[in-house]
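Notes follow the structure.
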């Protein structure tokens, strides 16, 4: 094939590829000097006096034979090497025609034939014949082959050089593969090639090896130097037992180095049509954003949507703006289309926006948000939102240089919204919360006493049937706490010739926190919007024993450094006064603390948290809560991570138990894991994930992905099985050199254009 011959020839002219290609066929090779094989007597001097080669209008010719046909016609034959500015042409014969312009200057037109080679910068073109105007740089190749940076090979019936950066191609074939028999290529009846930008082609037929794969009427292929260029993304094909056969493709618009957009279309044989859009930008830190939207038109009528927006932007005046949205039109649609398991099972949809700025020591934030929590597939939900919220705060700071006191405060004025799908009510809340502490730090002991005051005003209160119909209420309470870390005790162990470390250190010490909060009056009448409204008076002591183990390990600096490879914390809380149910809303434990008769208990579960991290690549966390009232494990969690250049593994086991006077038994027992194995680095990659419900003995969801990369293309095969939505999916996609691919708009794989962010 001519294309395979062209690739072999042109690669011999490129140092980076020469070692992998066979010797070029006999043809004039680009050389900056006359061929040493030609006898010196045959290398005639130029017909005209030599000129300065640095000038653009300087033309020099080296040939075996040169002759002047007439006053305006000059011919060179044999091995001909013509140089004109930054352009070089080699051929078996070149005819130069000179025309006198009206201003007295001359224009030169050449006709080259016989193994013609055109060289300019990284451009390489070869063909049977070339007609070219040297002054304008315009010309036409017949039966041409070529190479364009960055890595595009061409074979065409006709190539017209319109300008230094634009070529018109007729009957062309293109590829980025440098193998003699390219792994992929596409042909076009006509195409326009813009150097270091893109190829826009009409009537395109893709081939894998020599086998026709598919046809599209128009195709844009990016060939930008940094591989971040506007163009069509390669389509993917798949099947879902829930949505039917699927085919989708996209268009990537590189608006600049810091902005891009992706437009996407999907077709589901059993569900409808999907339309996606993503806008991304990346400016000076921290300004960046991603707005990903997906809309589906159902076959039965009606629209569904999924939004995933996240942006941070610095505005004039040092104002920081944030936007966040993650929501689906319905809970059912989220379950059917969301491929990320955590998001598919989440029962929340949320949006928020904020403006913030620091004025000296005071931070000011104006925020609005809304969160819907779904209860079941009937689309009933609970809604909570700030519309809006104005917050002023000062982070804890020292008062003076020598006092040692630390003071911080925050205040908020909020319009709060709560309700459901049928009705939404709103009320106003004003809150002030100052805090004062005086830390004491010693070598083996840390003590931090703190006092707080909180005042909250509600413009309404709960009345009959928990409706917001009552009179305004004020809530006031004082809080004092004492945090004690230590005293700590340590011992060093010398272990010469130990495989892990020659020196270990064991540090052990207690952590004790006493918290007292005055009684909150009329607690049952306060509106319940968030955790702040559930605060009760309390008198409690939390205590724990913490052990840390260190080893002397080689650090990044190349020197031995302390490395904490084991941390174990065992703690509990004792509630002194339980008359007001002060332990019902302790967020530190998995649930409220009750005994076997449903009465409040003085003792919380014993909580153990163990972290083992012997190296940067491996870590394990093991958490457990043991309930003394029921003499049973309340919750258990085990997670492990292992990551190297070749292998990445994450696994987690979670088990929970309901313990009360009505029901005692396991209500959660799941096993989840994922793995990535780079079988052949940069060539073959295997990925998989699974979530198994041990309680019901069924696979919740499993995925598998095989990626095979070769020099100029990549093949991706994916499968997904979801038991909770009775869906089985299969997807196949291809990535070609300079052409990105697109993942699911409602999954972990975001839309990626050629090159991604640079």
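Since every read-out is calculated from the coordinates, none of them should be taken as a lab result. From a predicted model like this one, the values you see are computed outputs, not experimental measurements. Because the Cβ atoms are built from the backbone with ideal geometry, glycine has one as well, and the counts that use them run over all protein chains shown.
Okay, here's what the table says:
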| read-out | value |
| --- | --- |
| Region 610-653-region 697-714 distance, computed between alpha-carbon centres (Å) | 26 Å |
| Listed peptides 305-318, 112-125 by packing density, highest first (mean Cβ within 10 Å) | 112-125, 305-318 |
| Quarter of the Cα convex hull surface for the chain, i.e. its orientation-mean projected area (nm²) | 48.1 nm² |
| Relative contact order (%) - criterion: Cα under 8 Å, at least six apart; region: region 345-475 | 15 percent |
| Percentage relative contact order, region 598-689, counting C-alpha pairs under 8 Å, at least six apart | 18 percent |
| Spacing of the two label points (7 Å from each Cα toward its C-beta) at residue 319 and residue 430, in nm | 2.5 nm |
| Net length gained if the chain between residue 616 and residue 138 were fully extended (0.36 nm per residue, minus Cα distance) | 166.1 nm |
| Cα centroid separation - region 355-417 against region 291-322, whole Å | 23 Å |
| Ranked packing of 362-371, 402-411, 169-178, most packed first, by mean Cβ within 10 Å | 169-178, 362-371, 402-411 |
| Estimated distance in nm for a label pair at residue 447 and residue 502, the labels positioned 7 Å out from Cα along Cα-to-Cβ | 4.2 nm |
| Computed log₁₀ I(q)/I(0) - Debye formula, equal Cα scatterers, no solvent, region 280-351, q 0.20 Å⁻¹ | -0.85 |
| Between region 160-236 and region 451-516, the Cα center-to-center distance that results, in Å | 63 Å |
| Residue-averaged [θ]222 nm for the chain, counting only DSSP H segments that reach four residues, each worth -39500 (n - 2.57) | -1000 deg cm²/dmol |
| Mean Cα-pair separation over length for the chain, i.e. relative contact order, pairs under 8 Å, 6 or more apart, % | 6 percent |
| In nm, spacing of pseudo-spin labels at residue 401 and residue 189 (7 Å Cα→C-beta vector) | 8.4 nm |
